[in-house]
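Working notes, structure below.
Values quoted throughout were computed directly from the atomic coordinates according to the rules given, and no laboratory measurement underlies them. The model shown is predicted, which means the values in this text are computed figures rather than measured ones. As a convention, Cβ positions derive from the backbone with ideal geometry for all residues, glycine included, and neighbour counts pool all protein chains shown.
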Amino acid sequence: MKNKIIVCMVLLFLVGISLGSSILPQDSRFEAKNFEGKRNEILSEMDLTLKEATESGKYKCCIDPPCKMCFLGNWIWDDGTCDCDTLIIEGDFDRVCPECKSGIKEGRCLSTKTLNKTCPVINGGN
């Protein structure tokens, strides 16, 4: 009888482990990842979020791929939005984020103003 109880407890334990691992919350799987795995997942989610926000018109970046600086709140918008494209259209290039300016220097400008072939020219360290 004692052996049956032990066998049942072991079986319940194994079933619990197998069920638990298949229904673990996403956070637990994230926590189990190493630094590189966590970084890759975060960057992948960020790229997906930026793509969705761009498609819905909430993220109006002027370069491709879109900047992450505005998204992270490291520029004049602290809510994760980007409106650098509008700033270019309005001629307010001084307020365009540094990441977008760098992308423009690299030839990645997608500003709607480029339809008129007038993407801003960046001189020196501006």
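Quick notes on this one:
- Listed by chain and number, the aspartates and glutamates whose C-alpha is less than 20 Å from the C-alpha of Lys38, apart from same-chain residues fewer than 8 away, are Asp27, Asp47.
- For segment 87-102, the Karplus equation 6.51 cos²θ - 1.76 cosθ + 1.60, evaluated at θ = phi - 60°, returns couplings of 4, 5, 4, 7, x, 9, 5, 4, 8, 5, 5, x, 5, 5, 4, 5 Hz by residue, with Gly and Pro reported as x.
- Per-peptide packing, taken as the mean over residues of other Cβ atoms within 10 Å, places 87-93, 30-36, 66-72, 43-49 in the sequence 66-72, 87-93, 43-49, 30-36 from highest down.
- Remark: spin-label model distance Glu36-Glu52 equals 2.8 nm, labels positioned 7 Å along the Cα→Cβ axis.
- Here's how it looks for Gly80: its modeled amide H is under 5 Å from those of Gly73, which are all 5 or more places away or on a different chain.
- Taking amide H atoms as placed 1.01 Å from N in the peptide plane, the amide H of Ile63 lies under 5 Å from those of Leu110, each 5 or more residues away in sequence or on another chain.
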